Amino acid sequence: MAMTGVLRPGHVQIRVLDLDEGVRHYRDVMGMEETGRDEQGRVYLKCWDEIDHASVVLRQADRAGLDFIGFKVLNVKTLNQLEADLKEYGVKTERIPAREMLETGERVRFVVASGHTIELYAEKAPHGNGCGGVNPTPWSPQSERGIAPRRLDHALLYGPNIEEVRKLFVDVLGFTLVEHILTPDGKANQVIFLSCSIKSHDIAFGEFPEPGKLHHCSFLMDSWDHVLRAGDIMSMHKVPVDIGPTRHGVTRGCTIYAFDPSGNRFETFKEDRTPYPDHAPLTWTFDGLVGEGGLDYVQRKLHETFLTVVS
Ligand code: FE
């Protein structure tokens with residue numbers, strides 16, 4: 001089997017300042033399906049084409065941001081092996097009991113040098129995508145509701161020590177570095193794009209003085225048309241847009257960056273690369289990020305908010 005180890009980002013737990021407002025955004029504007037609420041008051045949602053129970057968990061809190069991101073791994077044996085590998089590498093891990101999150105098995109949790117909490121898990125109950133498993137339909141009514149992204153795609157996280165984080169993701173978790181943006185002096189990485197698949201990235205990290213920050217969670221759209229339609233829906237609902245619609249030079253992704261009602265940035269994104277693990281990483285200079293359209297290929301400019309606004 002070609003795909004083993006870590007499969008994909010499976011869930012993010014996002015802090016929102018007002019739960020009802022958050023639910024209205026992710027359920028009614030994004031068009032995600034609400035799949036559950038737990039005793040802690042957290043709300044679980046999934047994108048229409050995701051099979052597992054939930055990919056976004058909303059928790060009300062007095063500050064916005066990301067509690068953790070969880071990656072689904074192939075099976076329990078893989079989970080145990082990766083936990084042992086992390087420990088051997090010197091990472092302190094913690095087991096979160098099964099069903100602490102609805103319909104989710106045991107999770108292995110650890111904190112990386114950028115201050116972000118990462119989880120690995122092997123089991124999450126299937127919910128289905130509404131298309132059926134025998135003679136399935138190509139789409140379901142849920143795929144027509146709101147912005148309707150296909151799946152949670154990736155997150156960009158900001159914090160210190162991303163070189164250490166890169167080593168851990170590559171050497172222990174088996175990710176590949178697909179693209180990287182250098183710092184202005186060219187001596188280190190400003191942003192790294194890491195993949196555990198043939199997606200342009202499953203997670204990215206940006207160097208930033210404050211630990212544990214969320215730059216954006218990204219949701220996969222079917223096409224550039226769907227990205228533009230997402231923009232129409234954002235405007236209809238007066239969702240504050242940060243950048244786009246445009247294309248990132250970095251990753252080639254078609255994109256809109258916008259903010260949820262709590263100020264968490266999210267992205268509606270159309271993948272446009274298939275990097276295999278044997279491909280050499282692509283390099284962007286900091287000047288390239290600014291003047292060669294790394295961030296915004298159409299306008300070839302650096303939007304200041306990209307480097308400064310996080311939650
Ligand atoms: Fe992104």
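The values are calculated or read from the model by the stated rules, or taken from the named source; none is laboratory data. Note that this is a predicted model, so its numbers are computed, not measured. As a convention, Cβ positions derive from the backbone with ideal geometry for all residues, glycine included, and neighbour counts pool all protein chains shown. What goes into the accessible areas is simple: the full protein's heavy atoms, side chains included, and nothing from ligands, DNA or RNA. Shrake-Rupley method; radii C 1.70, N 1.55, O 1.52, S 1.80 Å.
Springs join every pair of Cα atoms under 10 Å in this Gaussian network model of the chain, and among GLU50, GLU210, GLU106 the largest mean-square fluctuation is at GLU210.
Of the solvent-accessible surface of the chain, computed with a 1.4 Å probe and all protein chains present, 51% belongs to carbon and sulfur. Dividing the convex hull volume of the alpha carbon atoms of the chain by its residue count gives 130 Å³ per residue. The helix-based estimate of mean residue ellipticity at 222 nm for the chain, built from -39,500 (n - 2.57) per DSSP H run of four or more residues and divided by its residue count, is -4000 deg cm²/dmol to the nearest 500.
In this structure, the residue pairs whose Cα-Cα separation is over 30 Å, taken from LYS167/LYS199; LYS72/LYS187; LYS167/LYS238, are LYS72/LYS187; LYS167/LYS238.
Structure remark: mean-square fluctuation, Gaussian network model of the chain, C-alpha springs under 10 Å; the largest value among GLU163, GLU179, GLU100 belongs to GLU100.
Placing unit charges on each Cβ (+1 for Lys and Arg, -1 for Asp and Glu) gives the stretch 176-301 a dipole about its Cα centre, and among SER235, PHE266, LEU295 the Cα reaching farthest toward its positive end belongs to SER235.
Take the chain with all the other protein chains still there, run a 1.4 Å probe, and you get 43 Å² of accessible area per residue. Note on ASN75/TRP139: beta-carbon distance plugged into 1/(1 + (r/R0)^6) with R0 of 30 Å gives a FRET efficiency of 0.55. How many angstrom lie between the Cα centre of the stretch 112-138 and the Cα centre of the stretch 58-88? What the calculation gives is 13 Å, centre to centre. Under 5 Å from the amide H of ARG151 lie the amide H atoms of LEU220, each residue being 5 or more positions distant or on a separate chain, with H modelled from the backbone and absent for Pro and chain starts. In the stretch 34-190, Cα pairs under 8 Å separated by at least six residues give a relative contact order of 22 percent.
Report the calculated FRET efficiency for GLU304 and GLN40 (r = Cβ-Cβ distance, R0 = 30 Å), to the nearest 0.05.
Values: r = 37 Å, r/R0 = 1.23.
The formula returns an efficiency of 0.20 here.
Once both labels are positioned 7 Å from their Cα atoms along Cα-to-Cβ, the gap between THR285 and SER235 label points is 3.7 nm. Here the Karplus curve 6.51 cos²θ - 1.76 cosθ + 1.60, taken at θ = phi - 60°, turns the phi angles of the stretch 25-30 into couplings of 5, 6, 7, 8, 8, 5 Hz, with x standing for Gly and Pro. The value of relative contact order for the chain, using C-alpha pairs under 8 Å at least six residues apart, is 17 percent. Relative contact order for the stretch 1-120: what is it in percent, counting Cα pairs under 8 Å that are at least 6 residues apart? Worked out over the stretch 1-120, it gives 27 percent.
Remark: the stretch 302-311, residue by residue, has Karplus-estimated 3J(HN,Hα) of 8, 7, 3, 4, 4, 8, 10, 9, 9, 10 Hz, where x stands for each Gly or Pro and the curve is 6.51 cos²θ - 1.76 cosθ + 1.60 at θ = phi - 60°. Note on the chain: GNM, Cα springs under 10 Å; of MET30, MET236, MET221, the largest mean-square fluctuation is that of MET236. When both the stretch 1-49 and the stretch 207-248 are represented by their alpha-carbon centers, they are found 16 Å apart. Diffusion of the stretch 203-256 by Stokes-Einstein, at 10 °C in a medium of 1.306 mPa s and with Rh set to the Kirkwood radius over alpha-carbon pairs, works out to 124 µm²/s. Taking each residue as 0.36 nm, the span from LYS187 to ARG63 lengthens on full extension beyond its C-alpha to C-alpha distance by 41.2 nm.
Proximity of backbone amide H atoms, modeled 1.01 Å from N, is registered between ARG273 and SER200 at under 5 Å, excluding neighbours fewer than 5 places apart on the same chain.
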